Amino acid sequence: MKKFVYILFLFAIMLGQFSFYENCQADTGNAFEKNAIRIVKKIDENGKVKISYIFPVNSEFFENNFSENEISVYKFYLANYVLALAKTYKKKEIENVFVSNCEYYVDIDGFGFSILFENQSAQNEYFGQNENGKNNDEKGKNLITEGVFVKKSYIKTTFPVVDAKSAGDLKTVCVLCVSSWAKECEISDQQKELVLNCLSKTKFIYDFSAVGNYLKSDCMYTDGVYTHNVFIKSQNEIEEDNEICFWVSYVDKGFCYLFVTILVVLGVFVAIVVLKIRKKL
């Protein structure tokens, strides 16, 4: 009988372990794609929020097709257009909000800027109730729970680049850069088209990062401190479906204990019945 009980409890523990491994083995996919316009949202352990907008340089592509001087001029124009965009956000600065200047992100080869919020309330106030920066990733508009022993609650919300027009507006930063650069360096129409064709393949990436792993997704990884949930869409995919999905996964310990208790009681009952039958025989 003791062995039977131990086996049942071992069964419950194995369910918990299954959930743990399922959550940790998510695919990173194309999370590190460099030809991408990125929106990176990071929440630290103190609740401070940082949202970064990053535009691709595509250094490898340019190194294979253009001279060193042409590349330098291209980077100069891209940095200036990104800085101009940052300044439009900086004009709206309020208390507990700071907008950085243009920065180069070495790891993903892009120019971008960040908006730092002292807390979530500051972010909501800065963007307003109907802006894309609103914190809807944690409060998703659809919550569906499934599973018996291992529960999964799915949270559906909107991709921060909400439609094709918004995607096009962001891509305009790069297109304007190409036009100015091509004019400055007297780039041929054929070469300019080569660059525009590269930009046409640009992806849009949303990287939601937070301390801990309470939120999960199909494409995720950890850097040792933050867990990154990454969502990748093309401009056409945004137009077709602008929803993304997080989930929270956990073992329903209460149900597991109840299930094990019922099995133990049932096992004891069966054992008593078997013993009584044997005595009569």
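The values are calculated or read from the model by the stated rules, or taken from the named source; none is laboratory data. For clarity, every value in this text was computed on a predicted model and none was experimentally measured. Virtual Cβ from ideal backbone geometry, glycine too; neighbours counted across all protein chains shown. Remember, those area values only see protein heavy atoms, side chains included, never the ligands or the DNA or RNA. Shrake-Rupley method; radii C 1.70, N 1.55, O 1.52, S 1.80 Å.
See the values below:
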item	result
Every pair of residues 6+ apart whose Cβ atoms lie under 7 Å, when the first sits in segment 107-131 and is closer than 22 Å to Ala36 by Cα while the second is in a helix (DSSP H, G or I) and at pLDDT 90 or above	Asp109/Ser59; Phe111/Leu78; Phe111/Ala79; Phe111/Val82; Gly112/Val82; Phe113/Val82; Phe113/Ala86; Ile115/Tyr89
Residue pairs meeting the criteria (Cβ under 9 Å; at least 6 apart or on separate chains; first at pLDDT below 90, in segment 148-168; second charged (D, E, K, R) and in a helix (DSSP H, G or I))	Val150/Glu22
Positions within segment 179-221 being buried (at least 20 other Cβ atoms within 10 Å of the Cβ) and in a helix (DSSP H, G or I), in sequence order	Trp181, Ala182, Val195
Number of the exception - Tyr53 against (1) under 17 Å from Lys203 (Cα atoms); (2) open to solvent by 70 Å² or more (accessible area, probe 1.4 Å); (3) not in a helix (DSSP H, G or I)	(2)
Number of the exception - Thr227 against (1) crowded, with 19+ Cβ neighbours inside 10 Å; (2) part of a loop (DSSP other than H, G, I, E, B); (3) not small (Gly, Ala, Ser)	(2)
Within segment 109-128, considering residues that are crowded, with 18+ Cβ neighbours inside 10 Å and of a type in the set (A, V, I, L, M, F, W, C), the one farthest from Asn80 (Cα to Cα)	Ala122
